[in-house]
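Here's the structure we're looking at; comments come further down.
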There are 2 protein chains.
Amino acid sequence: MDAAEFRRRGREMVDYIADYLENIEQRPVYPDVEPGYLRTLIPTEAPTEPESYEDIIKDVERVIMPGVTHWHSPYFFAYYAAASSYPAMLADMLCTAIGCIGFSWAASPACTELETVMLDWLGKMLNLPDHFIAGTHGHGGGVIQGTASEATLMSLLAARCKAVRHVQASKPEKSEGTIISELVAYTSEQAHSSVERAALIGGVVMRKVPTDNNYTVVGDALKKMVEEDKAAGLIPFYFCATLGTTPSCAFDRITELGPLCNKENMWMHIDAAYAGSAFICPEFRPLLNGVEFADSFNFNPHKWLLVNFDCSALWVKKRADIIGAFKMEPLYLKHENQESGLVTDYRHWQIPLGRRFRSLKMWFVFRMYGLSGIQAHIRKQVALAKEFESLVRADQRFEICAEVIMGLVCFRLKGSNERNQNLLKRINTNREIHLVPCQLSGSFVLRFAICSRATESRHIQQAWRHITQMTFELLQEPSH
Amino acid sequence: MDAAEFRRRGREMVDYIADYLENIEQRPVYPDVEPGYLRTLIPTEAPTEPESYEDIIKDVERVIMPGVTHWHSPYFFAYYAAASSYPAMLADMLCTAIGCIGFSWAASPACTELETVMLDWLGKMLNLPDHFIAGTHGHGGGVIQGTASEATLMSLLAARCKAVRHVQASKPEKSEGTIISELVAYTSEQAHSSVERAALIGGVVMRKVPTDNNYTVVGDALKKMVEEDKAAGLIPFYFCATLGTTPSCAFDRITELGPLCNKENMWMHIDAAYAGSAFICPEFRPLLNGVEFADSFNFNPHKWLLVNFDCSALWVKKRADIIGAFKMEPLYLKHENQESGLVTDYRHWQIPLGRRFRSLKMWFVFRMYGLSGIQAHIRKQVALAKEFESLVRADQRFEICAEVIMGLVCFRLKGSNERNQNLLKRINTNREIHLVPCQLSGSFVLRFAICSRATESRHIQQAWRHITQMTFELLQEPSH
């Protein structure tokens, strides 16, 4: 395919994409396929000779689309949102075309520099403390990670390295292995599974802190565990707080937890993967109070800030903590400017070496929407969640299971878990809307998350009519 | 921006991209900017109100392009290739638009299933042993990772988990921490820095195995170290072999190393990040002989197989080894089919939770080029490297520093390292071509890698004329 054909096919693809997104609600949101469906539809080996583009694009509808869960359908209410916007898509095309691999400043200065400035822009939109902003006299700065999982892992590894060095400074005879086996990390029992996984990867113990009735970790709960562990001769070194948990969008009380971590010399990382985007609205910003005590803070613009996946924003209070943990300098990656102290080599800030020019997506989105436009998007989705909450509350058969603060409503039919499992199964088998469950205090709960940018009030109303219809059918069954 | 505007702007972006790539050689390959250049060109904060698209796109030329290192210029000969092709770009647009997050089968069945089949296609193109192919009776399969760094880390973590369990089976009293502190991993002294970094992350000791005159690890070199470590009471558990090292594209002798690792119950991972693509050509496939002894094998289609970044292919002999290391099952990620044994939930195979629909890029590229077209691309680039090698060999002032097997030529001016450092500095400051150095046996060496798909013989000839001109000027200087 030469440039001339790319011009033609590219235009067709742009139209295909616009058609797909304009008409997405006509497709069943959840696919009706069995495991292994795709293998039977295509050859077992790659072709030896080139095929025509027409044949390939025909196969997108024949092979791919029947097996797609349509995350951008206005009837998709599962997991949390995955961001999507036209400006981000245009920027992503440019990113792919430039195709630089930005592991060091020299590998493409614009890639590194735009990222640093975009993380500053975003940090200011969130009103983060100055020490997280690179363009200040502080020692911190931001970086784009692929996912919150990677951001959590980087923070835990940086904390582990810092703790080992701290212990060895006073007890040089202790081996790294011995110290690591004495370290203890903490997180909420409601934290995302990736947090526990980070501890497994890092080879450290992680203890789950119990939450209160609102699924919130409060200061005293952590304090009690830290004291127990210190009394047992262990070394508390890391706490991962969550702002907006995955099951119910609960918020840990970081104004209490932060000072405790600072006093105990524990690294506090904040995982606000979903909810973080909302902090650009002044009315939600108080939920981030306490961030000034944190060593690192992360959220995913690729969830709720209109920047397509992947784009997870991580800020650290001290660049040296994260860079120092894993710096490697082979000659083939050295460049003239790196010793000047003026440049950032982002490869030291992340697990992978290679990296895409992802900040272009942020730049396009921030400028095409403006802060006011992005705030309007957040507010609209929160209002839709409140609208759904009202519908649930007005129906005596149902209950709301957690406070609705952002775009997530946790609800259930009053009664047994089995009844709710059956309801969810009926809903998802029907494929008109798509939800996933969670577990709260032993109850099986349905999560209704406002996800798609295309979701409007009429979709919420239709979804609720559908849920009540499914409920009606369920309750009609002889077994009930 | 609505769909109608996206149609218009999308077409413009397609044309901008085609123009950029068609005329890329008219841009200086390496940017003439100082650290911090970009911050002065744009505002310090995001705009409150939306800006016009015209203003943003104008800024691409004003702000971004002056700071881009043009990896796809035919005069870019640095690092290793980053793949780029029009079919991959089209597929990437589709991937972004579908915008599913494929962490589990249910999250988008097509995303998981196409990936499994594409890894099978590619495995067959490489003539991998059956046990790596998912659609066989074996226990293995393939997965797309972001980068080779992540693939290496995953293999090391899986090996660590397996080793801990193996030791604990006979010595249940040993703690995980104690066992980890006794483990020893090995890799070539020529291995990529990401291998050593994986060991740092995993908290295990990694020893560097010395290479022979060809920068190759041979069986006896590893055997000697393993025996020393066993005698000292340590537990050798992992060896990362390299096929195509970063400094000189050297190949470890895996036909000797594989049987040794199998005998010693050590996991053998093969990192063929760059060279792996060439194994689709029968004439290069013998370099992969010995892969049948490996537990895992990885290379980067995003380097040399025309699939844009990111797309790193990893195969494992036993799925259970990699999945078992880090499986987490929160309720919100469970789905009906996962216990059937028929589905793959790729989130267990990787560090991140989220993942893009990257296999679309492979599907488009394999079908639009056909195996024969991709082989032709590899062969053309190897021939260009041989052409450059001949030019160097014909000039008595220069020497070739490592056998030229694929698309990399390591060369230097005879004489001091300082002379070569000065030559490289002169070349890169001039910005007509771009190279990076490496160190081989204490010598400062220039690496000339065939990178861009657009590179032709005339660019090689021009690059060599330029290098000899720079050499002439350097040798004219009074200090010489």
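The values are calculated or read from the model by the stated rules, or taken from the named source; none is laboratory data. Here the structure is a predicted model, which is why all the values come from computation and not from measurement. A quick note on method: Cβ atoms are made from the backbone with ideal geometry, for glycine too, and the neighbour counts reach across all protein chains shown. Areas reflect the complete protein model, heavy atoms only, side chains present, ligands, DNA and RNA absent. Shrake-Rupley method; radii C 1.70, N 1.55, O 1.52, S 1.80 Å.
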Of A:ALA91, A:ALA83, A:ALA134, A:ALA107, which residue is part of a loop (DSSP other than H, G, I, E, B) and not assigned by the TED database to the domain that holds A:LEU243?
-> A:ALA83
Residue check for B:ALA250: touching a Ser or Thr at 6+ places or on another chain (Cβ under 6 Å), open to solvent by less than 30 Å² (accessible area, probe 1.4 Å) and at the interface with chain A (Cβ under 10 Å from one of its Cβ atoms) = no
Checked against (1) among the acidic types (Asp, Glu); (2) assigned to a loop (DSSP other than H, G, I, E, B); (3) more than 8 Å from chain B (Cβ to nearest Cβ), A:GLU45 satisfies every condition except (3)
Among the residues of the stretch A:115-131, which ones are open to solvent by 20 Å² or more (accessible area, probe 1.4 Å) and part of a loop (DSSP other than H, G, I, E, B)?
-> A:ASN127, A:PRO129
Residues of the stretch B:2-23 being under 33 Å from the mean Cα position of the chain (by Cα) and of a type in the set (A, V, I, L, M, F, W, C), which ones?
-> B:MET13, B:VAL14, B:ILE17, B:ALA18, B:LEU21
So which residues in the stretch A:51-72 are surrounded by fewer than 17 Cβ atoms within 10 Å (Cβ to Cβ) and within 7 Å of chain B (Cβ to nearest Cβ)?
-> A:GLU51
Can you name every residue in the stretch B:147-172 that is farther than 25 Å from B:LEU234 by Cβ and either open to solvent by 20 Å² or more (accessible area, probe 1.4 Å) or of a type in the set (A, V, I, L, M, F, W, C) (or both)?
-> B:ALA148, B:ALA151
Search result, residues across the stretch A:1-42 that are assigned to a loop (DSSP other than H, G, I, E, B), more than 7 Å from chain B (Cβ to nearest Cβ) and open to solvent by less than 10 Å² (accessible area, probe 1.4 Å) = A:VAL29
Any residue in the stretch A:280-294 that's under 20 Å from A:HIS269 (Cα atoms): show its pairings with residues that are surrounded by fewer than 19 Cβ atoms within 10 Å (Cβ to Cβ) and not basic (Lys, Arg) at Cβ separation under 7 Å, as long as the two are six or more apart or on different chains.
-> A:ARG285/A:ASN127; A:ASN289/A:THR255; A:GLY290/A:THR255; A:VAL291/A:PRO129; A:GLU292/A:PRO129; A:PHE293/A:PRO259; A:PHE293/A:ASN262
Expected single match for more than 20 Å from B:LYS303 (Cα to Cα) and not aromatic (Phe, Trp, Tyr) among B:GLY373, B:GLY407, B:GLY354 is B:GLY354
Quick check, is A:GLY135 touching a strand residue (DSSP E or B) at 6+ places or on another chain (Cβ under 9 Å) and surrounded by 22 or more Cβ atoms within 10 Å (Cβ to Cβ)?
-> no
Identify, from the list A:ARG347, A:ARG319, the residue that is among the charged types (D, E, K, R), surrounded by fewer than 24 Cβ atoms within 10 Å (Cβ to Cβ) and at negative phi.
-> A:ARG319
Quick one: which of B:ARG160, B:ARG197 is within 9 Å of chain A (Cβ to nearest Cβ), touching a strand residue (DSSP E or B) at 6+ places or on another chain (Cβ under 7 Å) and assigned to a helix (DSSP H, G or I)?
-> B:ARG160
Exactly one of (1) under 27 Å from A:ARG319 (Cβ atoms); (2) open to solvent by less than 10 Å² (accessible area, probe 1.4 Å) is unmet by A:VAL217. Its number?
-> (1)
Picking from B:ILE144, B:ILE180, the residue that is open to solvent by less than 50 Å² (accessible area, probe 1.4 Å) and more than 30 Å from B:VAL117 (Cβ to Cβ) would be B:ILE180
If you go through the stretch B:399-421 one residue at a time, do you hit one that is within 14 Å of another protein chain (Cβ to nearest Cβ), surrounded by 17 or more Cβ atoms within 10 Å (Cβ to Cβ) and in a helix (DSSP H, G or I)?
-> yes
Filtering the stretch A:225-241 down to residues that are closer than 17 Å to A:TRP267 by Cα and either at pLDDT below 95 or not small (Gly, Ala, Ser) (or both) yields A:MET225, A:VAL226, A:GLU227, A:ASP229, A:LYS230, A:LEU234, A:ILE235, A:PRO236, A:PHE237, A:TYR238, A:PHE239, A:CYS240
How many of the residues making up the stretch A:53-80 are without any contact (Cβ under 8 Å) to a residue 12 or more places away in the chain and either farther than 18 Å from A:GLN26 by Cα or in a loop (DSSP other than H, G, I, E, B) (or both)?
-> 4
Name the residue, out of A:ILE133, A:ILE144, that is touching a Lys or Arg at 6+ places or on another chain (Cβ under 6 Å) and either at negative phi or of a type in the set (Phe, Trp, Tyr) (or both).
-> A:ILE144
Assess whether B:ALA97 counts as being more than 7 Å from chain A (Cβ to nearest Cβ), more than 23 Å from A:ALA110 (Cβ to Cβ), at pLDDT 95 or above and crowded, with 20+ Cβ neighbours inside 10 Å.
-> no
Does A:MET225 meet the test of being within 11 Å of chain B (Cβ to nearest Cβ) and either under 30 Å from A:PHE284 (Cβ atoms) or part of a helix (DSSP H, G or I) (or both)?
-> no
How many of the residues in the stretch A:163-177 are more than 33 Å from the chain's Cα centre (by Cα), of a type in the set (Asp, Glu) and outside any loop (DSSP other than H, G, I, E, B)?
-> 0
Exactly one of A:THR147, A:THR152, A:THR216, A:THR187 is in contact (Cβ under 8 Å) with a residue 24 or more places away in the chain, away from chain B (no Cβ under 14 Å) and not acidic (Asp, Glu), and that residue is A:THR216
Hey, any hits in the stretch A:247-258 for a residue that's charged (D, E, K, R), touching a Cys at 6+ places or on another chain (Cβ under 8 Å) and at pLDDT 95 or above?
-> no
Restricting attention to the stretch A:366-383, report how many residues are open to solvent by less than 10 Å² (accessible area, probe 1.4 Å), more than 7 Å from every other protein chain (Cβ to nearest Cβ) and not β-branched (Val, Ile, Thr).
-> 1
Residue check: is B:GLN439 over 30 Å from B:ILE24 (Cα atoms), within 11 Å of chain A (Cβ to nearest Cβ), under 27 Å from the mean Cα position of the chain (by Cα) and modelled with pLDDT of 95 or more?
-> yes
Could you pull out the residue among B:ALA88, B:ALA106 that is under 30 Å from A:ALA454 (Cα atoms), touching a His at 6+ places or on another chain (Cβ under 8 Å) and among the small types (Gly, Ala, Ser)?
-> B:ALA106
